[in-house]
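The values are calculated or read from the model by the stated rules, or taken from the named source; none is laboratory data. Worth saying up front: this structure is predicted, and the values here are computed from it rather than measured. No Cβ is skipped: glycine too gets one built from the backbone with ideal geometry, and neighbour counts run over all protein chains shown.
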Amino acid sequence: MSNEKLIMSFEPNTIKHLGVKMYANLPPALAELIANAYDACASKVFVRLYDSPEKKVIVEDDGVGMSFDEVNNFFLRIGRNRREEKQKSPCGRVPTGKKGLGKLALFGIGDTINITTSQGEEGVSFNLDWNEILGWKGSNYEPKFSILPKGKSPKGTIITLTNLKRKTGFPVEDYSESIAKLFNFQDKFVVYLSLNDAEHIKIDSKLKYKNITPEFEWEIQKIIAVNEKDYADKKEIKGIVLTTEKPLRANSTGITLFANGRMVNIPEFFGLSESSNFYSYATGWINIDFIDNWEEDVISTNRQSIDWENARTSELRKYLASCISIIERQWRELRKEKKQENISKKANIDVKDWMKKLPEKVKGQVETIVNLLDDTPELSEDTQQKTIKLLHEIAPEYANLHWRNLEDEIKIASERYYQNADYYTAFLEALKRYIHEVRTKSGSTNGSERSMMGEVFSKRKLSVTKKYKKTDGTNFFPTTITNIEEGQQYLSEGIVMGGRHPLSHEEHKELSKTGLFSEKDCLDFLSLLSHLFKRLDDAEKP
């Protein structure tokens, strides 16, 4: 032993402001003790809370423990930076603390603290008393201690806190989740929390997302691979961002930053505007261990925030924001695809295929409506599906053909070719159907299609007006009848001359490229054929 006293160098106000006030809430204070156990190479930490018969907290770890000299030279020195002193870890862990202030968290929990620690041979037990410290005369506080018998002290550290400041009970379920969110250790390290020695709760990295069911998930390195922006330490940025199907609770959103297993920045989105509903669904964590190696300390004392005003951290923040923006865009696409799949399944509409088959002029408008439905979370899925079905009825696949309201025979003859964008064949097949029906119904044997039209309708082999009478039962005027009959004749002859004959002599490809026969021409001809076919359905022999 180097001396016969344990000495703490301090100013009472330091402990008051950095201990009692900064760690007034139990989970952050417990987190400091847990972090100390991690730095001491522990694999297990047991946090035992008691509210009966006496309120107390016991934190026990299986770490390497401390010798008397280490307690004196390291633990009881307020503000000591272990990294600057290059104190090596027996297990090779990078220390999570470096300000030397975490021990003050003890006084944020209770006024009386007993610490018993051993490296397996000789142990030491000492007390720290808050009221005694405040009334201490002199600059160095001397805690009462006792040396434990050699060979009878198990390796590790036990911290017992009594005379607690907290007067209410301990909600251990809430505490376990809160503590889990403060750590992201990748090493083998587990914390167990219990109340009154009941069954303990295992606290590990998985617990922080215990009540969250991911819908989509991203590895940050995969996002970095497609991010066009650059950042010097981008290869060292690791983490996961996930989104849920339904909005998260407000205190569960945001991306938490960790360095060497401990939180260094509470969940946020790095300056991005959070007006988008994406931010109500997103959470996750990112490891940025490298900032712990910077000469300048940019992490707040309570490890709740990073100093984003610093030039280096500002650059980091912008880069992280660019990664989150990429995730947001991908999320929108993935969510849209999933919703379309659900609608397709439940409404029996293949939304993606439907969109492909809409006319360009209306496709954008329909997509905008579908996207608005997707971006309105207050609408139930059933309401969205009903809206999609109604929209589909108004603007179905190949809407231009649908909107022409063609006679069934014309639509049947042309539809397959029209859908394959073979507009010439679509028209020709419909025309063939009309010619065939005229020949069949009239019984004409005239070989020329144009001559047949003239013969059938000019000689009234078929009359398209015969069955019609005025509302009073009298005949229409002869001029009206003649005009309609001649119209059927001339339009029938004209569609053969103006449609079929040119297509019989020219390459379809040339007609398409030059615009001489376009989709609209096809639709216009089909509409005319539909009119003629409707008249033909009404036609009777004299």
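Considering each residue of the stretch 43-55 in turn, none proves to be touching a Phe, Trp or Tyr at 6+ places or on another chain (Cβ under 6 Å) and either modelled with pLDDT under 60 or among the β-branched types (Val, Ile, Thr) (or both). Scanning the stretch 350-401 for residues that are in contact (Cβ under 8 Å) with a residue 12 or more places away in the chain, in a loop (DSSP other than H, G, I, E, B) and hydroxyl-bearing (Ser, Thr, Tyr) yields one hit, Tyr398.
For the stretch 232-241, the count of residues that are surrounded by fewer than 21 Cβ atoms within 10 Å (Cβ to Cβ), part of a strand (DSSP E or B) and without any contact (Cβ under 8 Å) to a residue 60 or more places away in the chain is at least one.
One residue stands out among those in the stretch 424-434 that are at pLDDT 90 or above and crowded, with 17+ Cβ neighbours inside 10 Å: the one that is nearest to the chain's Cα centre (by Cα), which is Ala426. Taking residues in the stretch 528-540 that are surrounded by fewer than 14 Cβ atoms within 10 Å (Cβ to Cβ), and partners anywhere that are part of a helix (DSSP H, G or I), the pairs with Cβ atoms closer than 9 Å and at least 6 places apart or on different chains are Asp537/Glu409; Asp537/Glu437.
Scan Glu268, Glu295, Glu309, Glu274 and give me the residue that is outside the structural domain of Ala29 (by TED's automatic domain parsing), out of contact with any helix residue (DSSP H, G or I) (no Cβ under 9 Å at 6 or more places or on another chain), under 30 Å from Leu334 (Cα atoms) and among the acidic types (Asp, Glu). Exactly one residue qualifies, and that residue is Glu268.
Quick grid of which residues meet (1) modelled with pLDDT of 90 or more; (2) surrounded by 16 or more Cβ atoms within 10 Å (Cβ to Cβ); (3) over 20 Å from the mean Cα position of the chain (by Cα):
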{"position": "Leu320", "(1), (2), (3)": "yes, yes, no"}
{"position": "Ser325", "(1), (2), (3)": "yes, yes, no"}
{"position": "Glu328", "(1), (2), (3)": "yes, yes, no"}
{"position": "Trp331", "(1), (2), (3)": "yes, yes, no"}
{"position": "Lys336", "(1), (2), (3)": "no, yes, no"}
{"position": "Asn342", "(1), (2), (3)": "no, no, no"}
{"position": "Ala347", "(1), (2), (3)": "no, yes, yes"}
{"position": "Asp350", "(1), (2), (3)": "no, yes, yes"}
{"position": "Asp353", "(1), (2), (3)": "no, no, yes"}
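No other residue among Ser194, Ser205 is surrounded by 15 or more Cβ atoms within 10 Å (Cβ to Cβ), in contact (Cβ under 8 Å) with a residue 24 or more places away in the chain, closer than 22 Å to Glu173 by Cβ and in contact with a Lys or Arg (Cβ under 6 Å, 6 or more places away or on another chain) apart from Ser194.
Condition check for Ile147 on (1) surrounded by fewer than 17 Cβ atoms within 10 Å (Cβ to Cβ); (2) under 21 Å from Ala42 (Cβ atoms); (3) aliphatic (A, V, I, L, M): one failure, at (2). All of Phe183, Phe189 fail the test of being within 17 Å of Ala31 (Cβ to Cβ), in contact with a helix residue (DSSP H, G or I) (Cβ under 6 Å, 6 or more places away or on another chain), of a type outside the set (D, E, K, R) and assigned by TED's automatic domain parsing to the domain that holds Leu26, apart from Phe189. Met453 falls short on exactly one of the conditions (1) farther than 24 Å from Lys520 by Cα; (2) among the aliphatic types (A, V, I, L, M); (3) surrounded by 13 or more Cβ atoms within 10 Å (Cβ to Cβ); (4) out of contact with any Ser or Thr (no Cβ under 6 Å at 6 or more places or on another chain), and that condition is (4). Note on the stretch 181-215: residues that are modelled with pLDDT under 90 and of a type in the set (Gly, Ala, Ser) total 1. Taken over the stretch 451-470, the criterion of being free of Cβ contacts under 8 Å to residues at least 40 places away in the same chain and either hydrophobic (A, V, I, L, M, F, W, C) or not assigned by TED's automatic domain parsing to the domain that holds Gly494 (or both) is satisfied by Met452, Val456, Phe457. The residue that is surrounded by the most Cβ atoms within 10 Å (Cβ to Cβ), counting only those in the stretch 96-122 that are in a loop (DSSP other than H, G, I, E, B) and at pLDDT below 80, is Thr96.
Within the stretch 503-527, the set of residues being at pLDDT below 75 and loosely packed, with under 13 Cβ neighbours inside 10 Å comprises Ser504, His505, Glu507, Lys509, Glu510, Lys513, Gly515.
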